[in-house]
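Inspection log for the structure reproduced underneath, given as structure tokens.
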Amino acid sequence: MSIRLDPNLLPSLLASIQQSEQNQSVSTQQLASGRTVNQLSDDPAAAAALVQNHNQSGADAQFLQSLSTLQSRYQVADSALGNVVTALTQAVSVGTEGANGTLNDSDRQAIAGEVQGLINQTVSLANTTYQGSYLFAGTKTTTQPFTLDSSTNAVTYNGNSATTSVELSNGVSIGANVPGDQLFQNASGNVTSALTDLYNALTSGNNIPGSVTEVQSALNQVSQQRVFYGNALDQINQSESFLNQDQLNLSEQENTLVGANLATVASQFAQAQVANQATLNATAKVLSLPNLLDYIK
């Protein structure tokens, strides 16, 4: 009986060696990176999905960074308005005290001095800045919005009435500002005029109760306008939660797409090593090792 030899034995053995070495190389890459896809040719569909995943994750990161800055900006604005509310509350209190008919002119002048201090404080708060930009100037953020004439206590608004919006996440936007004239010189309650009128009423002794009512209206109006910042901060918190969760979901998706099971990959690496060694041993038995090396060269 004749024995049939494979005429392509040597090329087949060399191809097996090459394949086992390639398997070892792939397993080594996967063990080092923790991924099954390390180049486009590994899995084109997964690689394309991974690119989209990274793009979305990068967009989320940019939104989160913007939200952090916006949150700080709103917190500063809200704090300033909170201090304005405190100042107006104090003005109502001292104005009510000044309306007491038992007070003499000297007493009322002393209270007027307190109101003057509240006027100065309120104008300073209306000129609050964040990172060098005025918060209550509309879109004229480089212009000081309010100036006080110390001789008459008249307050001039130098900003504008424009508003802007900011995107919290894809397709979700909110207003970015409330103009200073809407906050402090609103027809429903004019903060600067009310305080000036109270000061004048106390120094003259005329219509103090009416001026106190005017300040109370301004207080109510500012409190209503301040709600904008409270609501905006709530929306920012909600957007931050959404974006953080989205990033977590994207990370899990990425792991599903290209994450390597390290135990499985380690097993595959060991199998590739065994296969490679077995092929080398088989080749050595068929051909002399020097001849094999000459062929490889």
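The values are calculated or read from the model by the stated rules, or taken from the named source; none is laboratory data. If you're wondering where the values come from, they're calculated on a predicted model, not measured in any experiment. Please note: Cβ atoms are built from the backbone with ideal geometry, for glycine as well, and neighbour counts cover all protein chains shown.
What to note about this one:
- The residues listed here are SER93, SER79; of these, the one that is under 14 Å from GLU214 (Cα atoms), in a helix (DSSP H, G or I) and without any contact (Cβ under 8 Å) to a residue 12 or more places away in the chain is SER93.
- Region 193-242: number of residues that are charged (D, E, K, R), out of contact with any Ser or Thr (no Cβ under 6 Å at 6 or more places or on another chain) and under 17 Å from ILE119 (Cα atoms): 1
- Inside region 202-234, residues that are touching a residue at least 60 places away in the same chain (Cβ under 8 Å) and either under 16 Å from GLU97 (Cβ atoms) or surrounded by 15 or more Cβ atoms within 10 Å (Cβ to Cβ) (or both) make up a count of 18.
- The set of residues from region 128-162 being within 13 Å of ALA77 (Cβ to Cβ) and touching a strand residue (DSSP E or B) at 6+ places or on another chain (Cβ under 7 Å) comprises LEU135, THR141, PRO145.
- Restricting LEU135, LEU148 to those that are crowded, with 18+ Cβ neighbours inside 10 Å, modelled with pLDDT of 95 or more and under 20 Å from the mean Cα position of the chain (by Cα) reduces the list to LEU135.
- Residues (more than 40 Å from the chain's Cα centre (by Cα) and surrounded by fewer than 15 Cβ atoms within 10 Å (Cβ to Cβ)) located in region 97-127: ASN100, GLY101, THR102, ASN104, ASP105, SER106, ASP107, GLN109, ALA110, GLY113
- Restricting attention to region 242-260, the residues that are out of contact with any helix residue (DSSP H, G or I) (no Cβ under 8 Å at 6 or more places or on another chain), at pLDDT below 75 and part of a helix (DSSP H, G or I) total 3.
- Of all residues in region 151-176, those that are polar (S, T, N, Q), modelled with pLDDT under 90 and more than 24 Å from GLN131 (Cβ to Cβ) total 1.
- Assessment of region 154-174 against the conditions (under 30 Å from GLN56 (Cα atoms), touching a residue at least 60 places away in the same chain (Cβ under 8 Å) and either of a type in the set (D, E, K, R) or part of a helix (DSSP H, G or I) (or both)) yields at least one matching residue.
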